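The values are calculated or read from the model by the stated rules, or taken from the named source; none is laboratory data. None of these values were measured; they are calculated from a predicted model. No Cβ is skipped: glycine too gets one built from the backbone with ideal geometry, and neighbour counts run over all protein chains shown.
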Amino acid sequence: MNDTQGVRISKLMAERGLCSRREADAYIERGLVFVDGERITQLGTRASPDATITLAGEARAQQAGQVTIILHKPIGYVSGQAEDGHQPAVTLISARTQQSDDKARRFQPAHLKGLAPAGRLDIDSTGLLVLTQDGRIARQLIGENSAIDKEYLVRVEGKLDERGLALLNHGLSLDGKQLRPAKVEWANEDQLRFVLREGRKRQIRRMCELVGLRVTGLKRVRTGRVRLGDLPLGQWRYLREGEKF
């Protein structure tokens, strides 16, 4: 089974949402991947783009045990690795900080293994941050072709005319590259609502600067169909069964 004209099996598995490419390689090495009924153990093996790919029960059980966490990140924590003395958001995940009425499951230290942010939220921003052990969810949220939108409430200072508002919706560029269309409207007299499908570094703050606004507060309130809701600041909960982005 190595169709030299085909596609790497790990790439096919990621494209089909079976797992991430890294996870696919790990499953292949352990003999947990079948292509058209044949067990594959060789990394880099290729197959026809329409091949039938299945995971062994052990791999499916492992995936079922992977957790995804919704955190209400406070200001002062970085999304990923510790930097400049600031703690990463994952350090907030403990039994003590789990939302009291989270009935999905109880915290276990094993849930911290391989738990990584699926997207970033700046150190001076608050709101919904997703952390996951599941490569399928990470790819869905931050993959190159992700169609998941994210909603933010942004407190601003300065004057914004109709032309500026139109530019925020579409027409601005950052670092020489045009931004995808966004949906930006007034939520109330001093807050804008941004809905974006991309997340360049400090994107909203830089967009606002380009139209003469200064951001004084930024909070992510939704990722796809998952809302922050009444989750208290600094607390977290598990993604619920049946809850989808």
*The listed residue being buried (at least 18 other Cβ atoms within 10 Å of the Cβ), of a type in the set (Gly, Ala, Ser) and not in a loop (DSSP other than H, G, I, E, B), out of Gly119, Gly127*: Gly127
*Taking only region 105-115 into account, find how many residues are surrounded by fewer than 16 Cβ atoms within 10 Å (Cβ to Cβ) and touching a strand residue (DSSP E or B) at 6+ places or on another chain (Cβ under 7 Å).*
1
_Here is a list: Arg105, Arg96. Which entry is among the basic types (Lys, Arg), within 30 Å of Gln235 (Cβ to Cβ) and modelled with pLDDT under 90?_
Arg105
*Is one or more of the residues making up region 8-16 closer than 19 Å to Ala118 by Cβ and crowded, with 19+ Cβ neighbours inside 10 Å?*
yes
_Given the condition of a type outside the set (Asp, Glu), within 20 Å of the chain's Cα centre (by Cα) and either under 14 Å from Val130 (Cα atoms) or not assigned by TED's automatic domain parsing to the domain that holds Ser94 (or both), answer yes or no: does some residue in region 162-179 qualify?_
yes
*Please indicate, with yes or no, whether at least one residue in region 26-47 is buried (at least 18 other Cβ atoms within 10 Å of the Cβ), touching a strand residue (DSSP E or B) at 6+ places or on another chain (Cβ under 8 Å) and part of a helix (DSSP H, G or I).*
yes
_Qualifying positions in region 209-221 - over 19 Å from Asp149 (Cα atoms) and in a strand (DSSP E or B)_ = Arg214, Val215, Thr216, Gly217
*Looking at Thr54, is it among the polar types (S, T, N, Q), part of a strand (DSSP E or B) and either surrounded by 13 or more Cβ atoms within 10 Å (Cβ to Cβ) or at pLDDT below 90 (or both)?*
yes
*Any idea how many residues of region 211-234 are touching a helix residue (DSSP H, G or I) at 6+ places or on another chain (Cβ under 9 Å), closer than 19 Å to Ile75 by Cβ and surrounded by fewer than 18 Cβ atoms within 10 Å (Cβ to Cβ)?*
2
*Members of region 67-81 that are outside any strand (DSSP E or B), of a type outside the set (Gly, Ala, Ser) and within 15 Å of the chain's Cα centre (by Cα)*: Val67
*Pick from Ser10, Ser48: which is farther than 14 Å from Arg136 by Cα and free of Cβ contacts under 8 Å to residues at least 60 places away in the same chain?*
Ser48
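Residues are listed down the side, and each one gets a yes or a no for (1) touching a strand residue (DSSP E or B) at 6+ places or on another chain (Cβ under 8 Å); (2) of a type in the set (Ser, Thr, Tyr); (3) touching a residue at least 60 places away in the same chain (Cβ under 8 Å); (4) not in a strand (DSSP E or B):
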| residue | (1), (2), (3), (4) |
| --- | --- |
| Arg155 | yes, no, yes, no |
| Pro181 | no, no, no, yes |
| Phe194 | yes, no, no, no |
| Met207 | yes, no, no, yes |
*Check on Ala104, of a type in the set (A, V, I, L, M), touching a residue at least 12 places away in the same chain (Cβ under 8 Å) and not assigned by TED's automatic domain parsing to the domain that holds Gly217*: yes
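Residue-wise test of (1) of a type in the set (A, V, I, L, M); (2) in a helix (DSSP H, G or I).
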{"residue": "Thr91", "(1), (2)": "no, yes"}
{"residue": "Arg105", "(1), (2)": "no, no"}
{"residue": "Ala110", "(1), (2)": "yes, yes"}
{"residue": "Leu141", "(1), (2)": "yes, yes"}
{"residue": "Glu144", "(1), (2)": "no, no"}
{"residue": "Ala147", "(1), (2)": "yes, no"}
